[in-house]
Amino acid sequence: MSLPILPTTVVGSYSMPGWLERLKTEYFARRISRVDLDEIHDTAVKAAIKDQEIAGLDIVTDGELRRDNLVDYFVERMPGVQIDRASKKFYYDFYDSVVERKLPHASLGLAKDFLFLKANTDREAKFCVTGPHSLSKRIRNTFYPNEEAFATDIAGVLNLELKELVKAGARFLQIDEPYLSGFPDDLPWAVNVLNTLVAGVQAKIGVHICYGNRYGKPSWEGSYKYLLPKIFEAKVQQLTLEFARRGEEDLDILRELAKSFEIGVGTIDVKTNAVETADVVAERIRKALEFAPAERLFILPDCGCFHLPRDVAFAKLSAMVEGTRAVRKELGK
Amino acid sequence: MILQFNHLQRKSAAATTTDVIDALYGLLEEGHIGQSQFARLRIQLDWIQYRQNFREPVMVLRATNEAGEDPSIMDIHVDTRQVSPEALRGKLIEAMAREDGETPRPEDRVVLEKFQSFRSSIAWKFNGLYWHHLTDWEKATGRSYEQALPGGKSDANDAAAVADSVADFWTLLKDLENHHQLPAEIFLLEIGVGMGKRSGLWLDRFRALDEERGTKYYPRLRFLLADYALATLERSRPAVRAHLDLCSFIVLDALNPMKTLAFLRHKILQIHLTNVYDNLPDEELARRDGRLYLVEVRAYLASSEANRIAQEFALGAAEIAWMVGRLLELGPDCFPERSRGVAFWQEVWKALRLEERLVPLDELPGESLPSGLDSRQLADVLRNAPSDLRIHLSSGALESFRNTVPLLHPRGYLQVQDIFISDLNDCRLGFQGPGKLDGSIVNWVNGVLLREVAERAGYDVHFAPFHYRKGSRTSILYTTQRE
């Protein structure tokens, strides 16, 4: 991967347009076909990629616009998970889903969406997968004896999928674990499960841990201190954390974490439509640099831009890029 | 013909349902109502919570005529409490003649505005006047606004309800502490504090519970008392005098608390409102024979009342509308003698009425819907609603909710004590406002639409009847995080 210092990227999702929300809901109301919806998704994804490129990001994603939320994209592809398709009123709702027998290991077919991303950009590409801990919190389990056993089997299924993505050319994969901060006591087993997930996957692996972004609001509050020291056992290369909204309170944790991981620093608050200036972003990066060397930092928003209006998301990402460039200049890089 | 019966406390002098039926059949036989119109007539014998309201005792409501459209949609509203059997027939004929497009309207009303959505009506300026000049009003009436409430006091101050609220909140704090997530500062917000009685009771009770359990949460409380006007906030200070170190007094627009408190986004653990939503700007939609209508209103004074008021305040008959404008602009100082201004205000308010008409909507008014509610959501709600109904959009309440919840901490909750309709079938049970409560406006709040807006904002809302006082019509809305 040939990237500048302080590479910029999104956490995963880009702004979900209102018109796409309405069309997705139309699909669930059986008023448009799957074929039409797929074509709509393709068009929306191309636009999201282009927006990220114009904003100047070094690494782009597909904006996750095919996904209704962080769970259902995986759940509806996962053999052995039964879903109640009538359980959604609005596309963003979670399906009611249940596992009543051992999960079979089979492909989810995510590589197709990654290949679409690759075909539509010449930038570095990142693909994101919701992690087993978070999925195990949303899928009802009546088969496995406990959450850890359930999450471990989900990790087994997803491990094959990550390898499929690598075969398709993915070099940078990100595991999203937004539920971890809500259940800090799960961390010991969640890290073990994470290691099962990434075993043998030949790519840069990042883990995104935030305080939730459901409906554009935090689901939990607390301190990242709970990650220490168990997180050091995680066999991943990068941790992506939110700091813009939460302030500098936890920033000193980077001193320890950066010794073992690259750090994706959240510099854009995605839970407000107020657009940060490039100066504000630059200042946030400088603060992070007090605790970790530039070579170990990636620059991102706090979380996905899913809930932001498109113009706001674009302006925020543009400010993030501009602020990052200013700091690079100060560093002489 | 659809005849709505409602549960009225019958007074011996008032018309009964039988009187209404007899009178209508008489009018049919005499040709005052045509056969086809009679078949589509919708009669509502209003149950009106507040006897003081904006309607004549007998009122006819029509859809506005459109070229080529059958204008026979006609609603007749009869407040059987306020019309005697002897007067009923005459009032029905009079009301129908007024709405008959072919007959010139009698010039017996002083019109104060053009037809428009209720939300924009000057009625709301009167409402604002009341809260800004509450002391003047109370001085003139000799009673506080709380005494004007049904039952003479606010359910918000019920000691058992306050104790339960405190206990629930303490349990939340304990749980946060157990998970090492208790914030250093514990923010609470009370919107619409009135005399501050509930806030005082709440803080007294919380301090006692905290001491009893030795948890030391009390000193960490940051209690924000918010209201529409500084004058009201000043009046609330004595009620919380034992807790002033923890209290802040904030003038705030209940329609948009975020505008004032954005710095507390995601930080407030409990937000409470009592009798606020029912007093926020509102508008109504009606569906008749499958078609949707906006209810437009126009404020007026009956000429007889306008003349009486003009005479009493030494005004020319033509000056009354002008003086009402001055009143709404300057308040009671519209007269050189302030007390005269208050007296004028009270007389005009008492006489103020709203004409109503139904304006057909070709499609749901997406742009004019309250923020957080789109036309598709409204269409979905209406799809599952009774075919003929009239609903409050509760625009102000929805706007307030939408602009309040971003203040909530992830574990925080909103509690709203008010009069809610949680099932649209209830809209057919009778008239839910607007009514007059002393100098202010009161409307039932559309809990069904509130639920829709809440879902899109990431909250489920639940309605619990207020069981602490027998006969109370209020419910408590509380939010939980939506998964």
Checklist outcome for this item: Everything considered on the Cα gyration tensor (a ≥ b ≥ c; rounded for a/c under 1.5, else prolate if a/b is larger than b/c, else oblate), chain A must be described as oblate
Checklist outcome for this item: the range A:219-333: relative contact order from alpha carbon pairs under 8 Å, six or more residues apart, as a whole percent, is 28
Checklist entry - At what distance in angstrom do the alpha carbon centres of the range A:70-114 and the range B:264-283 lie from each other? => result 38
Item to check | Above-threshold pairs, the threshold being 31 Å between Cα atoms, out of A:Lys316/B:Lys174; A:Lys163/A:Lys230; A:Lys24/A:Lys225 | outcome: A:Lys316/B:Lys174; A:Lys24/A:Lys225
Checklist entry - Gaussian network model of chain A, Cα springs within a sub-10 Å range: biggest mean-square fluctuation belongs to which of A:Leu228, A:Leu254, A:Leu110? => result A:Leu228
Next on the checklist: Suppose R0 equals 22 Å. What FRET efficiency, 1/(1 + (r/R0)^6) with r the Cβ-Cβ distance, do B:Tyr218 and B:Ile250 give to the nearest 0.05?
Outcome noted: 0.60
Checklist entry - R0 = 30 Å: FRET efficiency of B:Trp322 with B:Ala229, Cβ-based, nearest 0.05? => result 0.70
Checklist entry - Share of antiparallel DSSP beta bridges in chain A, in percent to the nearest 5? => result 10
Checklist entry - Over all residues in A:214-224, what is the mean tally of Cβ atoms on other chains that come within 10 Å of each residue's Cβ? => result 6
Checklist outcome for this item: Note, A:Phe232: beta-carbon cut-off 9 Å, +1 each Lys/Arg, -1 each Asp/Glu, net 0
Checklist entry - Going by the alpha-carbon gyration tensor, a ≥ b ≥ c the square roots of its eigenvalues, is the range A:1-58 rounded (a/c under 1.5) or, if a/c is not under 1.5, prolate (a/b greater than b/c) versus oblate? => result prolate
Checklist entry - Going by alpha carbons, how many degrees (0 to 90, nearest 10) lie between the helix axis of B:197-213 and the longest principal axis of chain B? => result 30
Item to check | Two-site label geometry, A:Tyr226 and A:Phe183: point separation in nm, points 7 Å out along Cα→Cβ | outcome: 1.1
Checklist outcome for this item: To the nearest 0.05, the calculated FRET efficiency linking B:Ala242 and A:Asn273 through their beta-carbon distance, R0 being 35 Å, is 0.30
Next on the checklist: Counting only other chains, and only Cβ atoms inside 10 Å, what mean value do you get across the residues of B:453-463?
Outcome noted: 2
Checklist entry - Which shape class applies to the protein assembly as shown: rounded if a/c is under 1.5, otherwise prolate when a/b exceeds b/c and oblate if not, where a ≥ b ≥ c are the square roots of the Cα gyration tensor eigenvalues? => result prolate
Checklist entry - Taking the Cα centre of each part, how many Å lie between the range A:171-196 and the range A:4-30? => result 23
Item to check | Neighbour net charge for A:Leu65 - beta-carbon separation under 14 angstrom, K R +1, D E -1 | outcome: -3
Checklist entry - Cα centroids of the range B:120-152 and the range A:297-332: how far apart, whole angstrom? => result 51
Item to check | Residues of type lysines that B:Lys125 reaches as a straight line, Cα spacing below 20 Å, ignoring anything fewer than 8 places off in the same chain | outcome: B:Lys114, B:Lys350, B:Lys436
Item to check | Cβ neighbours within 10 Å from other chains - mean over B:206-218 | outcome: 0
Checklist outcome for this item: Counting only DSSP loop positions in the range B:413-459, the chymotrypsin sites (Phe, Trp or Tyr not before Pro) whose Cβ has at most 16 other Cβ atoms within 10 Å are none
Item to check | Ranked by how many other beta carbons lie within 10 Å on average, peptides B:468-474, B:143-149 from highest | outcome: B:143-149, B:468-474
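Laboratory data are not the source of any read-out in this text; all were calculated from the coordinates shown. Computed from a predicted structure; not experimentally measured. For neighbour counting, all protein chains shown are included, and Cβ atoms are generated from backbone atoms with ideal geometry for every residue, glycine included.
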